[in-house]
Amino acid sequence: MHELSLCRAVADVVTSHAEQRDVTRVTLRVGHLRQVVPETLVFCWKMVTDGTELAGSELVVEHVPAVGECRSCGARSELDKPVLRCAACGGRDVSLVSGEEFLVVSMDLATSA
Ligand SMILES: [Zn+2]
């Protein structure tokens with residue numbers, strides 16, 4: 001499963017940055033073109049972190065729409081599929097503005113009592 005390996009990669013990054021501190025929440029920014037299902041990511045996160053020092057932490061997924069900018073008419077349109085096509089003029093000379101993100105935006109650490 002695609003989401004499972006992504007979660008493993010994220011868990012590795014978070015674990016090395018947490019340096020043994022308690023992580024309560026991890027926020028992830030995922031572009032539309034990554035074609036991951038946020039619910040599946042959250043489910044896989046529980047599986048991957050279960051029994052590790054990240055167990056119990058919450059994964060928050062921020063969805064970033066895919067946006068393309070047309071080189072012919074300059075219009076920006078949201079892209080539903082990984083096909084770059086301008087919604088305004090139908091042109092195919094479109095450059096991708098966003099949609100391929102996959103990064104850890106932040107992680108919240110428990111404040112030590
Ligand atoms: Zn256009």
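The values are calculated or read from the model by the stated rules, or taken from the named source; none is laboratory data. It should be emphasised that the depicted structure is a prediction, and the values quoted were computed from it without experimental measurement. We place every Cβ from the backbone using ideal geometry, glycine too, and count neighbours over all the protein chains shown. Each accessible area value is taken on the protein alone, full model and side chains, heavy atoms only, with ligands, DNA and RNA left out. Shrake-Rupley method; radii C 1.70, N 1.55, O 1.52, S 1.80 Å.
Restricting to DSSP H runs of at least four residues, report the calculated mean residue ellipticity at 222 nm for the chain, -39500 (n - 2.57) per run over all residues, nearest 500 deg cm²/dmol.
Computed mean residue ellipticity for the chain: -8500 deg cm²/dmol.
What is the sum of charges, Lys and Arg at +1 and Asp and Glu at -1, for the other residues whose Cβ falls under 14 Å from the Cβ of ARG85?
Details: positive: ARG71, ARG76, LYS81, ARG92; negative: GLU69, GLU78, ASP80, ASP93.
Here the charged neighbours net out to 0.
Suppose all protein chains stay in the model; what accessible area per residue would a 1.4 Å probe give for the chain, in Å²?
On the way: 6910 Å² over 113 residues.
Heavy-atom SASA per residue in the chain reads 61 Å².
Of all DSSP beta bridges located in segment 14-113, what percent are antiparallel, nearest 5? Before the final figure, lay out each step's value.
Numbers: 15 of 22 bridges.
The antiparallel fraction comes to roughly 70 percent.
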Mind telling me which of PRO82, PRO38, PRO65 comes out most flexible in a GNM of the chain, alpha-carbon contacts under 10 Å?
-> PRO82
Positive-end residue, the chain charge dipole about Cα centroid, Cβ charges, pick of GLY56, GLY90, VAL105 = GLY90
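For the chain, which whole percent of the accessible surface, found with a 1.4 angstrom probe, sits on carbon and sulfur atoms? Please report the intermediate quantities before stating the final value.
Details: 3460 of 6910 Å².
Within the chain, the accessible surface is 50 percent carbon and sulfur.
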May I have the extent of the alpha carbons of the chain along their three principal axes, as whole Å values ordered from largest to smallest?
-> 57, 28, 18
On a 0 to 90° scale, report how tilted helix 38-49 is relative to the longest principal axis of the chain, with both axes built from alpha carbons and the result rounded to the nearest 10.
-> 30
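What's the magnitude of the charge dipole for the chain around its Cα centre, counting Lys and Arg as +1 and Asp and Glu as -1 at the beta-carbon? Answer in Debye, nearest 20.
On the way: 11 positive and 16 negative charges, 96 e Å.
I would put it at about 460 debye.
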Geometric extent, Cα atoms of segment 32-90 - Rg, Dmax (angstrom) = 17.3, 53
